[in-house]
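Written out below as structure tokens is the structure these notes cover.
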Amino acid sequence: MLYLRLLAGTAALALAVPAAAQDSAAADDFHIEQGRDIIVTAPFERGRAEFLTGISVLTGADLAREVRPTIGETLARLPGVSATSFGPNASRPILRGLQGERIRVLTDGIGSFDVSNTSVDHPVTINPFIAERIEVLRGPAALQFGSSAIGGVVNVLDRRIPRRRPDEPVHVDALGGYSSASDQWFGAGSVDVPVGKVVLHFDGSYLDGDDLEVGGFVLSPQRRAEAAASANPDVQALANLRGRLPNSAARTWDVAGGLSVITDDGSSLGFSVTRYDNKFGIPPRFDLETGEGEAPTIDAKQLRLDARAEIKLGDGFFELARGRFGFADYKHNELEPDGEVGSTFLNEALEGRIELVQADRGGWKGAIGGQVFIRDFNAIGEEAFLPKNDTEQFGVFTLQQLAFGPLQVEFGGRYETTDVNAPTVGLSRSFNALSGSAGASLELTPGVRLGVNVSRTERAPSAEELFSNGPHAGTQAFEIGDPTLRKERNLGAEAVLRANTAGFSFELSAYYNRFSNFIYEDATGEVEDDLPVFQYRQNRARFYGIEAQAAATLATVNGVRFGVDGVADYVRASLPGIGPVPRIPPLRLLGGVSATANRFTGRLEVEHSFRQDRVAAFETETGSFTLLNATVGLRPFGTGPNKPELLVQANNILDVDARRHASFLKDFAPLAGRDIRVTVRTSF
């Protein structure tokens, strides 16, 4: 059925582009280098100051410095962002303490079509090494991408479907490097070739790494004490396990080809095909009674088709029509140590979006659109804790913005229907969700703007929350869903203060979210299949917190600019009458000093994560840690977008034991120890 929908969606998108277009201005710059002040993850491009919620952008040299094999670790040092950190090869972003079904990870506005939302040990199939730009939207600004984006959106932008024609006959981008902590080699490259109005694109990446080197013992202090006190010598031996994280090696590659027909007025129609292959180990969670621990290997593959159309409509009410479509066939096997397949996860999914962007008329601009998402999921084998199911979701949305001099007003809404079916167990649910937001911002002085936003959002329960019923070794739980779950509702408010003046920028966000029917997993105290039973339940929930980021130029001496920057974030989450929401990141502070010249950059930074002792009944506390990192960048052949750059990084210089509280594996899988990374990137 999905293949028929795929053909229909592709045909509809192709028909959306007119057979001919009028020639006009030349294409924009080839790379997506809009800087941090223009945000493209929206129906229409908007300045950063126009957003009423917190946002973050990684691009250029900053992205090259932060990029890691997983999208979670790549973004983990942005304000308000943490990561699930299920070992070094499976890590999904956490935004403001929310994760899983409340966060959407996108590639150019379309989902990743994997099963990373089903379990934290499953990979996200979006490759950070081929990204040109990553934008993170937190709060209700992300609701245009679906009710499952109630916590925010991560949008990864690449050039697999070219947006622009390069000036050169052949344009090449390349990145490669080495990481000492896992003896890991990685490389990525892309080629773009203009042929008349057609731009051809090819890219690929490869990563090969060994088990991760960690800063000290593998087990956390609490678990080491338990192991040392055991009478079982196999368990006692675990207390001294250190140096390397067992079963954490990885090998990943992907290849892609695409093309776009780009007219001189900027209209375009393009397609791409991607093949993704990822084989990696899952670090064991040791049983401190027997000393044993499962150490499976995940072998994940995905074949993906994407299409995009953008049509300039002239001078009417709508100036631009945009269509986006994606389909993927995903499969991964979970392999036992002897190579036998223990479980298989299958996922076919498609998603399509259509947006009509209004022309700016005297300070009024906006967009309307529609979206469809269809997923067929199946799990086979000993860990098939979720029955075969399918999801169909349809939504319509609008975002409108009006400017009255220094005052800007914005409102948006989304209506969505969701049908979730599990035919093998005879269960089916349907939901209608209505969400909306409204807010305003005021320019206090030039470059300084204060914004306030309120929102009411609804989210339909997922198949995982409704229908789970079985053992799940990845989370060491016997998970039981609740097919009677109601819609999750949230009433939220946020205030954001932004300042951007010569030599100084500052952004402070404070937010409060009051959930009703908040869906969470609760330990029942029972044991089934030798695993603790966790039942999905609903309760009220309260989330509030702050995020701050700032940067300033201290001085410029002999052409060298000296600067400082900092990030702080904190979230507190509670289930009234029950206790803390589990796996909430603690207070975190990060600060750095930098020196920048034409051919040289240097940066020294310190990140401190505080102790998390506000935990749920089934959690352990997580100790504080401080990471010291340094980066040196060299451009030996001069500056410019096509000049090679060498980055040498020393991360976790003090080789400390660092663990993320939100990780299911944090007591058995710390973060990387001392890591020397060398990265070279170039374009020509």
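The values are calculated or read from the model by the stated rules, or taken from the named source; none is laboratory data. These numbers were taken from a predicted model, which means no experiment stands behind them. With ideal geometry, Cβ positions are generated from the backbone for all residues, glycine too; neighbour counts draw on all protein chains shown. SASA here: full protein model, heavy atoms, side chains in, ligands and nucleic acids out. Shrake-Rupley method; radii C 1.70, N 1.55, O 1.52, S 1.80 Å.
Observations on the model:
- Residue check, Leu288 more than 29 Å from Thr252 (Cβ to Cβ) and part of a loop (DSSP other than H, G, I, E, B): yes
- Any hit, segment 230-243, residues being modelled with pLDDT of 95 or more and under 29 Å from the mean Cα position of the chain (by Cα): no
- Residue identified as closer than 30 Å to Tyr544 by Cα and surrounded by 14 or more Cβ atoms within 10 Å (Cβ to Cβ) among Phe618, Phe625: Phe625
- Test: residue in segment 567-574 that is over 18 Å from Ser56 (Cβ atoms) and touching a residue at least 40 places away in the same chain (Cβ under 8 Å): yes
- Only one of the listed residues (Ser179, Ser205) is closer than 30 Å to Arg163 by Cα and either without any contact (Cβ under 8 Å) to a residue 12 or more places away in the chain or under 28 Å from the mean Cα position of the chain (by Cα) (or both). That residue is Ser205.
- Filtering segment 219-249 to residues that are in a loop (DSSP other than H, G, I, E, B), farther than 21 Å from Pro69 by Cα and open to solvent by less than 80 Å² (accessible area, probe 1.4 Å) leaves Leu219, Ser220, Ser230, Asn232, Ala239, Leu241.
- Among the criteria (1) modelled with pLDDT of 95 or more; (2) over 22 Å from the mean Cα position of the chain (by Cα), the one Gly216 does not fulfil is (1).
- Counted residues, segment 521-563 - those being aliphatic (A, V, I, L, M) and open to solvent by 50 Å² or more (accessible area, probe 1.4 Å): 4
- Between Arg674, Arg659, the distinction of being open to solvent by less than 40 Å² (accessible area, probe 1.4 Å), of a type in the set (Lys, Arg) and in contact (Cβ under 8 Å) with a residue 12 or more places away in the chain belongs to Arg659 only.
- Residues being more than 28 Å from Gly270 (Cβ to Cβ) and in a loop (DSSP other than H, G, I, E, B) - total across segment 93-108: 3
- Of the strands (runs of 3 or more DSSP E) lying entirely inside segment 416-499, those containing at least 2 residues that are buried (at least 19 other Cβ atoms within 10 Å of the Cβ) and among the polar types (S, T, N, Q) span 427-445, 448-459.
- Evaluation of Asp167 against (1) touching a residue at least 60 places away in the same chain (Cβ under 8 Å); (2) buried (at least 16 other Cβ atoms within 10 Å of the Cβ) (one fails), failing number: (2)
- Pairing residues of segment 210-238 that are over 21 Å from Leu671 (Cα atoms) with residues that are assigned to a helix (DSSP H, G or I) and among the charged types (D, E, K, R), at Cβ distances under 9 Å and at least 6 apart in sequence or on separate chains, gives Val235/Glu226.
- Here Glu334 does not qualify as on the phi < 0 side of the Ramachandran plot, out of contact with any Phe, Trp or Tyr (no Cβ under 6 Å at 6 or more places or on another chain), open to solvent by 20 Å² or more (accessible area, probe 1.4 Å) and part of a strand (DSSP E or B).
- Segment 122-133, subset open to solvent by less than 10 Å² (accessible area, probe 1.4 Å) and in a loop (DSSP other than H, G, I, E, B), residue nearest to Thr74 (Cα to Cα): Pro123
Yes/no per residue for (1) surrounded by fewer than 24 Cβ atoms within 10 Å (Cβ to Cβ); (2) outside any loop (DSSP other than H, G, I, E, B):
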{"site": "Gly72", "(1), (2)": "no, yes"}
{"site": "Arg77", "(1), (2)": "yes, no"}
{"site": "Ser82", "(1), (2)": "no, yes"}
{"site": "Phe86", "(1), (2)": "no, no"}
{"site": "Glu135", "(1), (2)": "yes, yes"}
{"site": "Gln144", "(1), (2)": "no, yes"}
{"site": "Pro162", "(1), (2)": "no, no"}
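- Test for Glu132: is it under 29 Å from Ala174 (Cα atoms) and touching a residue at least 40 places away in the same chain (Cβ under 8 Å): yes
- When residues of segment 376-389 are limited to those that are in contact with a helix residue (DSSP H, G or I) (Cβ under 8 Å, 6 or more places away or on another chain) and touching a residue at least 60 places away in the same chain (Cβ under 8 Å), the one nearest to Gly481 (Cα to Cα): Leu386
- Some residue of segment 266-287 being under 30 Å from Ala650 (Cβ atoms), free of Cβ contacts under 8 Å to residues at least 40 places away in the same chain and not acidic (Asp, Glu): yes
Residues are listed down the side, and each one gets a yes or a no for (1) assigned to a strand (DSSP E or B); (2) aromatic (Phe, Trp, Tyr); (3) under 22 Å from Ala321 (Cβ atoms); (4) open to solvent by 60 Å² or more (accessible area, probe 1.4 Å):
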position	(1), (2), (3), (4)
Leu356	yes, no, yes, no
Lys365	yes, no, yes, no
Asp376	yes, no, no, no
Glu383	no, no, no, no
Leu386	no, no, no, no
Thr391	yes, no, no, no
Gly395	yes, no, yes, no
Ala403	yes, no, no, no
